[in-house]
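What follows is a set of notes on a single structure, which appears directly below.
The values are calculated or read from the model by the stated rules, or taken from the named source; none is laboratory data. Not measured: the values here are computed from a predicted model. Heads up, the Cβs are rebuilt from the backbone with ideal geometry, glycines too, and the neighbour counts pull from every protein chain shown. Remember, those area values only see protein heavy atoms, side chains included, never the ligands or the DNA or RNA. Shrake-Rupley method; radii C 1.70, N 1.55, O 1.52, S 1.80 Å.
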Amino acid sequence: MAVTTNVVAEVKDLRAYYVTKAYGLQRTVRAVEGVSLDIRKDEVFGIAGESGCGKSTLLKALLGMTPPPLQILGGSVTYHVAGVDTNVFSLPESRRRQLRWQVVSYIPQGSMHALNPVRRIGDTFRDFIQTHRQVSRRQADGIIREYLGNLGLPAKALDSYPHQLSGGMRQRVTIALATILSPPLVLADEPTTALDVVVQRGVLQFLEDVRQQQGSTLVLVTHDMGVHAHIADRIAVLYAGQVAEEADTRTLFTKPLHPYTQYLIQSLPKLDDKAERVSIPGRPPSLDDPPTGCRFHPRCPLAMPVCKTAPPPLEQVGPDHRVACYLVSTGGRDGQHA
Ligand SMILES: Nc1ncnc2c1ncn2[C@@H]1O[C@H](COP(=O)(O)OP(=O)(O)OP(=O)(O)O)[C@@H](O)[C@H]1O
Ligand code: SF4
Ligand SMILES: [Mg+2]
């Protein structure tokens, strides 16, 4: 993959496994297996895929947050920020912690429930600012009010406890907290999943407003292809810990080449279309014993003998389009594949 100068984070051949021991037996879950990605400055990069395919694990590795049982078994994550290249895994944990929130921030899965329930929102913000900046209480309050005002959030939210806010407002507040130090790279894990569709739209718009105001890059994880269609510039589709396909959003939705991506898109509801949605047959594999060859082969209606023996390479098929499927690299079988 060509490395361009506008790359803000570079993932190379990453292997992130959960290694656990119970009753003397070791279990290794190969959650991320050989993933390479370039995240570009100022883009919204979507990471898609079904539950358990390694989306959150990839995001944690991007953040350099790898507490046991998660282990990095190979590969690298490098930030290219303000002219400095930082290989995240070569740093001690104390240095990685310094990068968090200032260089890269993280909105974890289920984060809207993570605000301290017995502290007012304003106190949580002040604690956060004073942990990261040498400022007085008064200065901290000034920074917070100005930031929330710029984002159009009501100052009265600061006097509330988390349970007094609606779900949508709680998530906006969580996003504001994670981004108040203006990190150039923001990672968000399923930030709208628990919200109803109308509220989701508002929260996505809020994320986009924050990104535009700060000129930051957003990596957005969600299993919801509708959300990706709405906000992402480029999308990587993960299957069983590996990139199945990556493309700009338009190409991915109009010319998906991997059978798994095609299923994901076909299962999206369409306006005025009463036809039954096509759901993906079977279930994702267990990642402690993934299938040989192409990990999608047990569910793929187009699988060929070669698919069971060796993993298909992720090949560049267009300027911004990569696919890991033998049907594409061998030119299709009997015209079955477009
Ligand atoms: N702490 C852990 N210990 C062992 N295995 C784990 C742990 N956390 C996740 N896994 C496993 O790693 C794999 C990838 O999980 P991950 O949470 O990254 O998936 P995901 O795509 O984010 O799923 P979801 O959409 O449900 O959030 C799964 O098989 C999961 O069971
Ligand atoms: S490589 Fe084979 S099994 Fe995998 S998606 Fe392509 S056709 Fe299906
Ligand atoms: Mg997850």
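Cβ separations smaller than 6 Å between residues 6+ apart or across chains give the following pairs from segment 207-227 residues that are closer than 15 Å to Val104 by Cβ and buried (at least 18 other Cβ atoms within 10 Å of the Cβ) to residues that are modelled with pLDDT of 95 or more and of a type in the set (Lys, Arg): Thr217/Lys41; Leu218/Arg211; Val221/Lys55. Going by the conditions given, is Tyr147 under 21 Å from Asn6 (Cα atoms), more than 16 Å from ligand 1 (Cβ to nearest atom) and open to solvent by less than 30 Å² (accessible area, probe 1.4 Å)? When the stated conditions are applied, Tyr147 does not pass them. Scoring Val29 on the criteria (1) away from ligand 1 (no atom under 16 Å from the Cβ); (2) open to solvent by less than 50 Å² (accessible area, probe 1.4 Å) leaves a single failure, condition (1).
If you go through segment 152-170 and keep only what is crowded, with 17+ Cβ neighbours inside 10 Å and not in a helix (DSSP H, G or I), you end up with Leu153, Leu165.
Where in segment 229-325 are the strands (runs of 3 or more DSSP E), entirely inside, with at least 3 residues that are under 22 Å from the mean Cα position of the chain (by Cα) and under 26 Å from Ala61 (Cβ atoms)? Break it down stepwise before answering.
Details: elements: 234-239, 242-248, 315-318, 321-323.
Qualifying strands (runs of 3 or more DSSP E): 234-239, 242-248, 321-323.
Scan segment 24-45 residue by residue and report those that are in a strand (DSSP E or B) and charged (D, E, K, R).
Arg27, Arg30, Glu33, Asp38, Arg40
It is to be established whether one or more residues within segment 11-27 are touching an Asp or Glu at 6+ places or on another chain (Cβ under 7 Å) and more than 16 Å from ligand 3 (Cβ to nearest atom). First the steps, then the outcome.
First, the residues of segment 11-27 that are touching an Asp or Glu at 6+ places or on another chain (Cβ under 7 Å): 15, 27.
So of that shortlist, the ones also more than 16 Å from ligand 3 (Cβ to nearest atom) come out as 15, 27.
Yes, segment 11-27 contains at least one residue that is touching an Asp or Glu at 6+ places or on another chain (Cβ under 7 Å) and more than 16 Å from ligand 3 (Cβ to nearest atom).
Note on segment 52-124: enclosed strands (runs of 3 or more DSSP E) holding 2 or more residues that are within 16 Å of ligand 1 (Cβ to nearest atom) and open to solvent by 30 Å² or more (accessible area, probe 1.4 Å) are 70-81.
Okay, residues lined up against (1) at pLDDT below 95; (2) touching a helix residue (DSSP H, G or I) at 6+ places or on another chain (Cβ under 8 Å):
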| site | (1), (2) |
| --- | --- |
| Val198 | yes, no |
| Ala232 | no, yes |
| Gln262 | no, no |
| Gln266 | yes, no |
| Lys270 | yes, no |
| Asp273 | yes, no |
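Applying the selection to segment 189-198, what residues are polar (S, T, N, Q) and open to solvent by less than 20 Å² (accessible area, probe 1.4 Å)? Spell out how you get there, then give the answer.
Here is the first cut: in segment 189-198, the ones polar (S, T, N, Q) are 192-193.
Residue satisfying the conditions is Thr192 alone.
What about Gly34, is it under 21 Å from Asp189 (Cα atoms), in contact (Cβ under 8 Å) with a residue 24 or more places away in the chain and surrounded by fewer than 20 Cβ atoms within 10 Å (Cβ to Cβ)? So Gly34 passes the test. The residues listed here are Gly331, Gly335, Gly282, Gly293; of these, the one that is at pLDDT 95 or above, on the phi > 0 side of the Ramachandran plot and surrounded by fewer than 21 Cβ atoms within 10 Å (Cβ to Cβ) is Gly293. Got at least one residue in segment 259-274 being in contact with a Ser or Thr (Cβ under 6 Å, 6 or more places away or on another chain) and surrounded by fewer than 24 Cβ atoms within 10 Å (Cβ to Cβ)? Checked against the condition, which is being in contact with a Ser or Thr (Cβ under 6 Å, 6 or more places away or on another chain) and surrounded by fewer than 24 Cβ atoms within 10 Å (Cβ to Cβ), segment 259-274 yields at least one hit. Working carefully through the options Val135, Val186, Val173, find the one that is surrounded by fewer than 21 Cβ atoms within 10 Å (Cβ to Cβ) and of a type in the set (A, V, I, L, M). So the residue among Val135, Val186, Val173 that is surrounded by fewer than 21 Cβ atoms within 10 Å (Cβ to Cβ) and of a type in the set (A, V, I, L, M) is Val135. Reported count of residues in segment 297-320, each being within 21 Å of Asp38 (Cβ to Cβ), in contact with a helix residue (DSSP H, G or I) (Cβ under 9 Å, 6 or more places away or on another chain) and buried (at least 19 other Cβ atoms within 10 Å of the Cβ), is 1.
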